[in-house]
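For reference, the structure is listed below as C-alpha cells.
Bear in mind these aren't lab numbers, they're just calculated from the coordinates by the rules spelled out. Note that this is a predicted model, so its numbers are computed, not measured. For neighbour counting, all protein chains shown are included, and Cβ atoms are generated from backbone atoms with ideal geometry for every residue, glycine included.
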Amino acid sequence: MDRQTVVELLHQAGWAYDTRNVNWLVDLFLPDGQFDLRIQDGDVLSFRGQDRIRNLYVDALASQNDQRRHIITNVFFDSVTSTSMKVKSNVTLIAVTSSVLTVVSTGVYTDQLIKHEDRWRIKHRFEYLDRPF
Amino acid sequence: MSDKQTIMELLNKGGWAYDTGDVDFLADMFTEDGRFDLQIQKNDVIKFDGRANIRALYENSLKTQTDQRRHIVTNLFFQDETSDSITATSYLLLIAVADNKLSVLSTGVYTDKLVKQGKSWRIKHRFLYLDLPY
C-alpha cells in the first residue's frame, strides 16, 4: 500500500507541474526538502527548502508557454522501510505547442521519501536530465 | 487484488484493447449509461452518451486508422476514493506506427470517474483532453 501511495505521488508530481499547480507540487516536499538538478555534465544545482523549490518551479514555468507533459515510467524501489523509501523513475519530457509535439528530454529521478505523520513526502529529489529542458 | 490494482489494469487494458481493435472490451469498460467527453486542444467538448454511442465512436475511429496505434497509459493516480467510486487521472502518450515510421501523435490526460458494479469497476464518465488531434 505504501509503495502504491508513493508511485501515485510521483505521478502527481508530473501532473502538478504540467497543470502549473505549484502549491500541490511544493507540498509534495517536506518543508526542509531538497531538489538537486543536474543537466548532462553540468554542475548540480541545489534548491533547499520549500521556498527555494517553489521559486525554481515558478521561474521554470514562467519561461515556458508550451504544454509540458512529464511522462513518468519505470518506477522501482531501491530500499523500503516503514518510514523511508528510495525510489527511481524515468521521465520522458514532452512539450506541445499548438501544432508540434517535441520530446524535449529524458532523465531519471532518484527520490528519497519519508513518512511523517502518516503521509509520504519527498525529502530529497535528484533529477538527472539527458538534455536541457 | 486491491481495487486500485484492478482499476489500473482496466485502464491499461483499455489502451491495449483499442490498439488491438477489441471494441467489445472498450465498450464494456463503461457503464450502460456511461459518458465519454473528448476535448482536443481548446475546441468544443464532443460528448458521447451511453455505451452504444461510445462503441460507435471507437468503431468509427478505428475504421479511419490504418496504422498501428499504441496507447501508452502512464502517471496514474487516484482521488475521491469511496468503497464504490473513485476518480482516476492518467496520462496518454499516443503513438502511431506505419511504413517503418513511428510518430508520437499526441499527449493527453484521462480523467475517469469509475463506479463499482457488483465485483466489476466500470467507467461512469471519461474525460479525455488531447494536446493535439489524433
Can you sort B:122, A:131 by how many other beta carbons sit within 10 Å, fewest first?
-> A:131, B:122
Name the residues of the range B:74-95 whose amide N is less than 14 Å from a point 7 angstrom out from the Cα of residue B:103 along the C-beta direction?
-> B:94-95
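For every other residue with a beta carbon closer than 12 angstrom to the beta carbon of residue B:10, add +1 if it is Lys or Arg and -1 if Asp or Glu, then tell me the sum. Could you put the intermediate results ahead of the total?
Numbers: positive: B:4, B:13, B:116, B:122, B:126; negative: B:3, B:9, B:28, B:112.
Overall, the nearby charge balance is +1.
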Difference of contour (0.36 nm per residue) and Cα-Cα distance, residue B:20 to residue B:44 | 5.8 nm
Find how much the distance from residue A:52 to residue A:130 grows on full extension, using 0.36 nm per residue of separation minus their present alpha carbon separation; answer in nm with one decimal.
-> 25.7 nm
Determine the sum of side-chain charges near residue A:85: Lys and Arg each +1, Asp and Glu each -1, restricted to other residues whose C-beta is under 14 angstrom from that of residue A:85.
-> +4
Wrap a convex hull around the Cα atoms of the protein assembly as shown, take a quarter of its surface area, and give that in square nanometres.
-> 15.4
Roughly what angle does helix A:2-18 make with the longest principal axis of chain A, taking Cα atoms, 0 to 90 degrees, to the nearest 10?
-> 30
For the residue A:88, residue A:23 Cβ pair and Förster radius 22 Å, calculated FRET efficiency rounded to 0.05 is 0.25
By how many degrees, between 0 and 90 and to the nearest 10, does the Cα long axis of helix A:50-62 differ from the longest principal axis of chain A?
-> 20
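Shielding by partners for A:100-113, please: the mean number of other protein chain Cβ atoms within 10 Å of each residue's Cβ.
Taking all residues of A:100-113 together, the mean is 1.
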Could you tell me, in Å, what Rg and Dmax come out for the Cα atoms of chain A?
-> 14.4, 46
In order through the range A:98-109: 3J(HN,Hα) via Karplus (6.51 cos²θ - 1.76 cosθ + 1.60), integer Hz, x for Gly, Pro | 5, 9, 10, 10, 10, 7, 6, 6, 10, x, 9, 9
Answer check: the range B:1-46, Cα atoms, Kirkwood Rh, Rg/Rh ratio of 1.05
Determine which lysines satisfy two conditions relative to residue B:13: a Cα distance under 22 Å, and not lying fewer than 8 residues away in the same chain.
-> B:4, B:63, B:113, B:116, B:119, B:124
For the range A:31-90, what is the Kirkwood hydrodynamic radius in Å, using each pair of distinct C-alpha atoms?
-> 14.1
Inter-probe distance in nm under a simple model that places probes 7 Å from Cα toward Cβ, at residue A:80 and residue B:5 = 1.1
Over all pairs of different Cα atoms in the range B:3-130, the reciprocal of the mean inverse distance gives a Kirkwood radius in Å of 15.0
Using only Cα atoms, find the angle between the long axis of helix B:51-63 and the longest principal axis of chain B, and express it within 0 to 90 degrees, rounded to the nearest 10.
-> 20
Magnitude of the charge dipole, chain A, Cβ model with Lys/Arg +1 and Asp/Glu -1, debye to 20 = 80
Residue exposure sequence - B:125, A:70 - by fewest surrounding Cβ within 10 Å = B:125, A:70
